[in-house]
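To start, the structure under review is shown below, and the notes come after it.
What follows is calculated from the coordinates using simple rules that are stated; it is not laboratory data. Every value quoted in this text rests on a predicted model; they were computed, and no experiment measured them. Please note: Cβ atoms are built from the backbone with ideal geometry, for glycine as well, and neighbour counts cover all protein chains shown.
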Amino acid sequence: MAEKDFEPRIIAFLCNWCTYAAADVAGISRLKQPLNVDIIRVMCSGRVDPSFVLKGFLEGADGVIVFGCHPPGDCHYGEGNYKTFRRMPLLERLLEQYGIEEERFQWGWISAAEAPKWAELTRELTEKIKELGPLNWNSYLEESETKEA
Amino acid sequence: MAGKPKVAFYWAASCGGCEIAVLEIREKILDLVQAVDIVFWPVAMDIKYKDVEAMEDGGIDVCFFNGAIRNTENEHMARLLRAKSRTLVAYGSCAHEGCIPGLANLSDREAIFDVVYKDTASTENGDDLVPQTRHEFAEGEVELPVFYNSVKTLGQTVPVDYFVPGCPPQADQTWAVFEAFVKGELPAPGSVIGAGEKTVCDECERVKEEKKVKEFFRIHEIIPDEKKCLLEQGIVCAGPATRSGCGGLCPMVNLPCRGCYGPPPEVVDQGAKLLSAVASVVDADTEEEARQIVSQIVDPIGTFYRFGLAASLLRRRKMK
């Protein structure tokens, strides 16, 4: 696929209470956003198991993001976002060892009042991943597992 | 079954420990050979591949296959033994989930050959010779197996009926599997046998209290308390994300579980689950503090996927 035609597919795990609400407001406010981000609403960013992220990459995502409520105080459940910031730095290092570029996995905080920040994130992320090109994990696996001498 | 059941044992990419594990049933091996005919076992008997090729399809009742699939020879034998065996058992961690050979999936053939044949300080290889798969002599041509880029598990190569986890499987579990087979009491195909249905934590007798870790240690950096949960002492222990069945042997001798029995039931990716469990006990109140604490875990993939990289969701590193 020619680079310029490449439209990345980005999976976004968004917390129901903050970032999902921000994305909702961004839509209602007609803020300009690329069509490359597929949102999966979860009740809490702390509920995102690292295997969800890995499965995203395995099944064709070019980027995966996890966003929730600002710590310390914004979490609807008190400290769900603490789980997030304890897990995600370790997951970043794991993905680096898997050879997945750091731009392809991002996580952080966007509150319900930060719709413009969400719209900006989707634009920036899509551009960055367009530059990186497709990940195509499955075809990479197939190619590397069947390659002979 | 007419006559005694026919049993085969084979090793592919493995260390040989699973062969020893079979003998760990000790004198019961004599009971085993009373009950079955062993028709193929390269480590113990002089039977050639061509003899196996001459057997009729389905002629072996059960084959215990240990070792991962690293090269064309391993794959050829996996396919051959699959065709000849009614029941194929992935015996031990390498066949089950790639085990230590599977960690080579952090590299590829070219990088491995460079290290082994060129780059190590003790290697003198002025002509940069690497093994070729064919060579012609005056007497004829010889062939070597082709070394693959990736290590695969047995189940990723051919259909497997049962999986016996462990590096190596424990003797009592191996015996239980032999007994179940001889008595015809095996569960539905596709099952993990010779193991438990819970986690290693469940059978570990250490005292478990509150898990709040400020500092992680590698095993040579600390002499752990002998009673207290190792994870609570900052030692990465794979117990929370590892299938039970070994009896908690490693924690019993003050060593952390390394995860050789693979993921517990319903868990797809052992490393991701272990990462999740370990990170959740990090006692950090800010992102910076969490980063600082988890930076003490030196090699996340080697730690969380020590035995399961080849069977994990992503299976291998993407090389540049």
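Here is how the numbers come out for the structure above:
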{"read-out": "Diffusion coefficient, µm² s⁻¹, Stokes-Einstein with Kirkwood Rh over alpha-carbon pairs of chain B at 10 °C and 1.306 mPa s", "value": "74"}
{"read-out": "Whole-Å distance, taken between Cα centres, linking the stretch B:225-304 and the stretch A:1-72", "value": "28"}
{"read-out": "Label zone at B:GLU221, where the point sits 7 Å out along the Cα-to-Cβ direction: the stretch B:246-274 residues whose backbone N lies under 16 Å", "value": "B:256"}
{"read-out": "Candidate lysines for bridging to A:LYS55, where Cα separation is under 23 Å - those fewer than 8 sequence places away on the same chain excluded", "value": "A:LYS83, A:LYS128, A:LYS130, B:LYS152, B:LYS273, B:LYS318, B:LYS320"}
{"read-out": "Listed residues A:GLY63, B:ASN74, B:ALA12: farthest to the positive end of the dipole of the protein assembly as shown (Cβ charges)", "value": "A:GLY63"}
{"read-out": "Cleavage-rule hits (GluC sites (Glu not before Pro)) in the stretch B:17-60: DSSP loop, at most 13 neighbouring Cβ within 10 angstrom", "value": "B:GLU27, B:GLU56"}
{"read-out": "Taking B:LEU23, B:LEU80 and counting other C-beta atoms within 10 Å, the order from fewest to most", "value": "B:LEU23, B:LEU80"}
{"read-out": "Amide H within-cut-off set for B:ASN71, under 5 Å, with H built and near neighbours excluded", "value": "B:TYR148"}
{"read-out": "Square roots of 5 times each gyration tensor eigenvalue, C-alpha, the stretch B:200-311, largest first, Å", "value": "20, 18, 12"}
{"read-out": "q = 0.17 Å⁻¹, the stretch B:133-172: log10 I(q)/I(0) [Debye, one scatterer per Cα]", "value": "-0.71"}
{"read-out": "Dimensionless Rg over Rh [the stretch B:71-112; C-alpha; Kirkwood]", "value": "1.06"}
{"read-out": "Relative packing of peptides B:168-180, B:263-275 - highest average C-beta neighbours within 10 Å first", "value": "B:263-275, B:168-180"}
{"read-out": "Lone cysteines, chain B (no partner Cβ under 4.7 Å)", "value": "B:CYS15, B:CYS18, B:CYS63, B:CYS201, B:CYS204, B:CYS229, B:CYS237, B:CYS246, B:CYS250, B:CYS257"}
{"read-out": "Space enclosed by the convex hull of the alpha-carbon atoms of the protein assembly as shown, per residue, Å³", "value": "190"}
{"read-out": "Value of [θ]222 nm, deg cm²/dmol, for chain A, DSSP H segments ≥ 4, -39500 (n - 2.57) each, nearest 500", "value": "-14000 deg cm²/dmol"}
{"read-out": "Protection proxy ranking of B:106-119, A:60-73, B:187-200 - average other beta-carbon atoms within 10 Å, highest first", "value": "A:60-73, B:187-200, B:106-119"}
{"read-out": "Helix-only [θ]222 nm of chain B, DSSP H runs n ≥ 4, -39500 (n - 2.57) each, per residue, nearest 500", "value": "-7000 deg cm²/dmol"}
{"read-out": "Average partner coverage of A:78-90, which counts Cβ from other chains inside 10 Å", "value": "6"}
{"read-out": "Averaged over B:279-292, number of beta-carbon atoms from partner chains that fall within 10 Å", "value": "5"}
{"read-out": "Longest to shortest principal axis, alpha-carbon extents of the stretch B:35-124, angstrom", "value": "51, 26, 21"}
{"read-out": "Positive-end residue, the stretch B:200-311 charge dipole about Cα centroid, Cβ charges, pick of B:VAL294, B:VAL281, B:CYS229", "value": "B:CYS229"}
{"read-out": "Per residue, the convex hull volume that the Cα atoms of chain A enclose (Å³)", "value": "102"}
{"read-out": "³J(HN,Hα), Karplus 6.51/-1.76/1.60, whole Hz, each residue of the stretch B:155-160, x for Gly, Pro", "value": "x, 7, 10, 9, x, 10"}
{"read-out": "Cβ neighbours within 10 Å from other chains - mean over A:97-109", "value": "3"}
{"read-out": "Order of B:VAL89, B:VAL39, B:VAL22 - criterion: other Cβ atoms within 10 Å of each residue's Cβ, fewest first", "value": "B:VAL39, B:VAL22, B:VAL89"}
{"read-out": "In order through the stretch B:222-228: 3J(HN,Hα) via Karplus (6.51 cos²θ - 1.76 cosθ + 1.60), integer Hz, x for Gly, Pro", "value": "8, 9, x, 4, 7, 9, 7"}
{"read-out": "Cleavage-rule hits (GluC sites (Glu not before Pro)) in the stretch B:210-254: DSSP loop, at most 15 neighbouring Cβ within 10 angstrom", "value": "B:GLU210, B:GLU215, B:GLU226"}
